[in-house]
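Undergrad: Sharing a structure below in structure tokens format, with a few things to ask.
The values are calculated or read from the model by the stated rules, or taken from the named source; none is laboratory data. Because the structure is predicted, anything quoted here is derived from the model rather than measured. FYI the Cβ positions are ideal-geometry reconstructions off the backbone, even for glycines, and counts take in every protein chain you see.
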Amino acid sequence: MSATRIHIILYSAAGVAALVGLAESIYLSVMAFTGETVVCGGSASCYEVLGSAYARIGGVPVAALGALAYFGVFSCATFALFGYVRARMFFALIVWMMFAFTFWLLYVQAFVLHAFCRYCLFSAAIIFLLAGIAVAMPAASERKTAR
Amino acid sequence: MKRYLPFIIVVAVALLAVGSGAMLYRAKRPATLTMSGKGGEPKHVRGNPKASVTLEEFGDFQCPPCGRIAPEIKKLEEDYQSQLRVVFRHLPLATHVHAQAAACAAEAASMQDRFWEMHDLLYKEQAVWSKSEDSRALFQAYAGMIGLDLGRFKRDIDSEEVKARIAADQRQAASLGVTNTPTFFLNNRAVDPASINPEKLRSLVDAELKEKKNPSG
């Protein structure tokens with residue numbers, strides 16, 4: 001299989017994964033802004049995490065920051081799919097930043113709050129998938145189009 | 001056309017994301033709740049009965065945000081003294097396994113006129129009893145700590161009267177459309193969930209006091 005074809009498959013998969021993450025983040029952001037965190041799918045653990053002080057940074061819900069990051073990943077994947085070389089670099093950059101932040105959030109859930117939120121775990125799984133895609137991506141030099 | 005396609009896709013997704021988020025927010029945002037004054041006099045009031053500002057809470061003793069805001073409310077009471085009175089109503093949520101038992105413990109304490117002592121202790125010790133296998137044993141220990149008659153406390157905690165008091169608050173919450181905790185009403189007007197933090201609450205109380213002093217302004 002050619003590198004171009006692999007790029008198309010991987011960036012398409014990344015775009016779809018980012019869209020799923022974006023939808024989830026928008027849902028969680030709305031929950032945070034409306035105070036519906038309490039419902040949390042009937043899970044007390046989820047409530048403990050999303051209702052905690054760690055669920056906001058400077059008053060902004062972490063989910064809203066996640067939505068921005070997922071949108072960034074989707075945009076970069078789309079542009080990369082159309083041959084924009086710089087988009088690949090930004091794609092990798094955002095994904096690795098999200099990957100690092102996910103570890104921090106997993107640490108907080110496991111060792112600080114002692115509770116896991118299923119939405120957060122789902123988001124972590126999407127980010128691990130995106131990181132896997134970033135690792136599996138063939139080197140950029142194999143593509144001819146450079147913009 | 002192909003040159004513009006990625007821009008079109010990205011802009012379309014952005015619009016879709018913002019639009020769906022806005023629609024979801026409109027569907028889920030709490031209606032502007034106001035208390036009608038009906039539904040019975042509140043049982044648990046702390047502070048000056050004639051205070052110009054009343055902060056009423058629908059709370060769940062096991063809800064972490066309720067636990068976090070409780071000491072802040074107490075600070076407000078200390079700072080505003082006779083200008084502020086605080087009302088507590090029960091809304092134990094089904095998602096919290098010990099919330100109903102905690103509400104019963106608080107009501108059993110109320111039967112001996114120690115509701116607020118138990119209220120403060122339950123929030124202070126929330127992290128302990130909410131993860132305990134035997135929360136009732138801890139509630140009994142707390143009853144001892146605040147000087148309750150333990151025999152009476154053990155009887156009252158399972159009594160129908162205690163359950164009826166909690167159920168009355170839950171009915172009041174349902175009639176107002178309150179489903180989340182903590183939900184606050186400031187002089188009968190619901191406080192936006194985003195404003196449930198010490199700074200915003202303080203500014204809202206200040207605004208209410210200002211309004212009372214200068215009704216026309």
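Undergrad: How many residues does the stretch A:78-124 hold that are hydroxyl-bearing (Ser, Thr, Tyr) and under 28 Å from residue A:6 (Cα atoms)?
TA: Number of matching residues: 4.
Undergrad: Do we have residue A:71 as in a helix (DSSP H, G or I), at pLDDT 90 or above and more than 7 Å from chain B (Cβ to nearest Cβ) here?
TA: It is false that residue A:71 is in a helix (DSSP H, G or I), at pLDDT 90 or above and more than 7 Å from chain B (Cβ to nearest Cβ).
Undergrad: I've got another one for you. Would you confirm, using the coordinates I've provided, whether residue B:115 is closer than 27 Å to residue B:195 by Cβ and aromatic (Phe, Trp, Tyr)?
TA: Yes; evaluated as a whole, the condition is true for this residue.
Undergrad: Additional query: Residues of the stretch B:152-181 being within 9 Å of residue B:108 (Cβ to Cβ) and either hydroxyl-bearing (Ser, Thr, Tyr) or surrounded by 13 or more Cβ atoms within 10 Å (Cβ to Cβ) (or both), which ones?
TA: Across the stretch B:152-181, the qualifying residues are B:152, B:153, B:154, B:155, B:156, B:157, B:159, B:162.
Undergrad: Can we say residue B:106 is among the aliphatic types (A, V, I, L, M) and more than 14 Å from every other protein chain (Cβ to nearest Cβ)?
TA: yes
Undergrad: Residue A:25 - would you say it is in contact with a strand residue (DSSP E or B) (Cβ under 8 Å, 6 or more places away or on another chain), modelled with pLDDT of 85 or more, small (Gly, Ala, Ser) and closer than 24 Å to residue A:110 by Cα?
TA: Judged against the criteria, residue A:25 is not a match.
Undergrad: Out of all the residues in the stretch B:76-91, which are touching a Leu at 6+ places or on another chain (Cβ under 7 Å) and part of a helix (DSSP H, G or I)?
TA: Once the filter is applied, which keeps residues that are touching a Leu at 6+ places or on another chain (Cβ under 7 Å) and part of a helix (DSSP H, G or I), the stretch B:76-91 yields B:76, B:77, B:83.
Undergrad: Just to be sure, is residue B:59 modelled with pLDDT under 90 and under 19 Å from the mean Cα position of the chain (by Cα)?
TA: no
Undergrad: Further, regarding this structure: Mind checking which residues of the stretch B:145-177 are over 20 Å from residue B:93 (Cα atoms), part of a helix (DSSP H, G or I) and of a type outside the set (A, V, I, L, M, F, W, C)?
TA: If the condition is that a residue be over 20 Å from residue B:93 (Cα atoms), part of a helix (DSSP H, G or I) and of a type outside the set (A, V, I, L, M, F, W, C), then B:151, B:152, B:154, B:155, B:156 are the ones that fit.
Undergrad: So which of A:31, A:98 is in contact with a helix residue (DSSP H, G or I) (Cβ under 8 Å, 6 or more places away or on another chain), under 30 Å from residue B:65 (Cβ atoms), assigned to a helix (DSSP H, G or I) and at pLDDT below 95?
TA: Selected residue: A:31, the only one of A:31, A:98 that is in contact with a helix residue (DSSP H, G or I) (Cβ under 8 Å, 6 or more places away or on another chain), under 30 Å from residue B:65 (Cβ atoms), assigned to a helix (DSSP H, G or I) and at pLDDT below 95.
Undergrad: Follow-up. Hey, residue B:146 hits all of (1) surrounded by 15 or more Cβ atoms within 10 Å (Cβ to Cβ); (2) within 19 Å of residue B:57 (Cβ to Cβ) but one; which does it fall short on?
TA: (2)
Undergrad: Suppose we filter B:138, B:201 for residues that are assigned to a helix (DSSP H, G or I) and either under 16 Å from the mean Cα position of the chain (by Cα) or under 29 Å from residue A:56 (Cβ atoms) (or both); which single one remains?
TA: The match here is B:201.
Undergrad: Considering A:87, A:23, which residue is part of a helix (DSSP H, G or I), within 10 Å of chain B (Cβ to nearest Cβ) and farther than 18 Å from residue A:122 by Cα?
TA: Answer to the selection: A:87.
Undergrad: Turning to a different aspect of this structure: When the residues of the stretch B:1-32 are filtered to those that are within 24 Å of residue B:204 (Cα to Cα) and surrounded by 15 or more Cβ atoms within 10 Å (Cβ to Cβ), which remaining residue is modelled with the highest pLDDT?
TA: B:25
Undergrad: To continue, here is another question. Which residue out of B:94, B:127 is in a loop (DSSP other than H, G, I, E, B), within 14 Å of chain A (Cβ to nearest Cβ), surrounded by fewer than 23 Cβ atoms within 10 Å (Cβ to Cβ) and of a type outside the set (Asp, Glu)?
TA: Just one listed residue meets the conditions, B:94.
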